[in-house]
Amino acid sequence: MLRSPLRVLLLVALLFAAACSRAHEPLPVALDLHADGIEAQRAGLPIVLFFYSRTCPYCREVEEDHLRPLLAENARHPRFLFRAVDINASRPLTDFTGQATNQQMFSRQQSVALVPHLRFVGPDGAVLAPDLVGLTLRDFYGGYIEEAIAQAGERLRR
């Protein structure tokens, strides 16, 4: 009799753990921006680069409150390609020109020092809308992201 409730409890715990792990899947990481640029060009989409640091609490807030819901909606109706860049990581990265670098060096080349930092670029890496640096005016932040994506998409279509 004791085994059955324990099995149920274990099953519930496993299901809960699985649900939590899916909720925190990693963001799409920038590995090959040259290939991403080709994909974005074919699809006619701007690219949103999210520069972050794993130690930044504001980055986590932007990710959870704004980017994850935006990415879920974008999966249903694609309006942009998204890639995350850890400004402190030595993870290999191919930049928009096809040159090998790493995420930290790419961040420096892009003059990104403060995070969270969203950059809206075209397939060639050219900036299409003003960057969003830091987490300002939380109530309007989602609107700022939407406005920048729309502006980047419009500039790309021209």
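FYI, it's all coordinate maths here, none of it is from the lab. Small disclaimer: the values here were computed from a predicted structure and weren't measured. Virtual Cβ from ideal backbone geometry, glycine too; neighbours counted across all protein chains shown.
Worth pointing out:
- Other residues lying with their Cβ under 12 Å from the Cβ of residue 149 contribute a combined charge of -1, Lys and Arg counting +1, Asp and Glu -1.
- DSSP assigns beta bridges within the range 26-157; of those with both partners inside it, close to 60 percent run antiparallel.
- Take every Cα pair under 8 Å whose residues are at least 6 apart in sequence, average their separation, divide by the length of the range 26-157, and the relative contact order is 32 percent.
- The distance separating the Cα centre of the range 82-98 from that of the range 134-156 comes to 22 Å.
- Of the peptides 43-49, 124-130, the order by per-residue mean of other Cβ atoms within 10 Å, starting with the highest, comes out as 43-49, 124-130.
- Shape call, the range 26-157: gyration tensor on alpha carbons, a/c limit 1.5: oblate
- Simple spin-label estimate for residue 137 and residue 72 gives 2.6 nm between the two label positions (7 Å along the Cα-to-Cβ direction from each Cα).
- Label zone at residue 42, where the point sits 7 Å out along the Cα-to-Cβ direction: the range 99-127 residues whose backbone N lies under 19 Å: 122-125
- For the range 26-157, size of Cβ-based charge dipole, Lys and Arg +1, Asp and Glu -1, in debye: 160 debye
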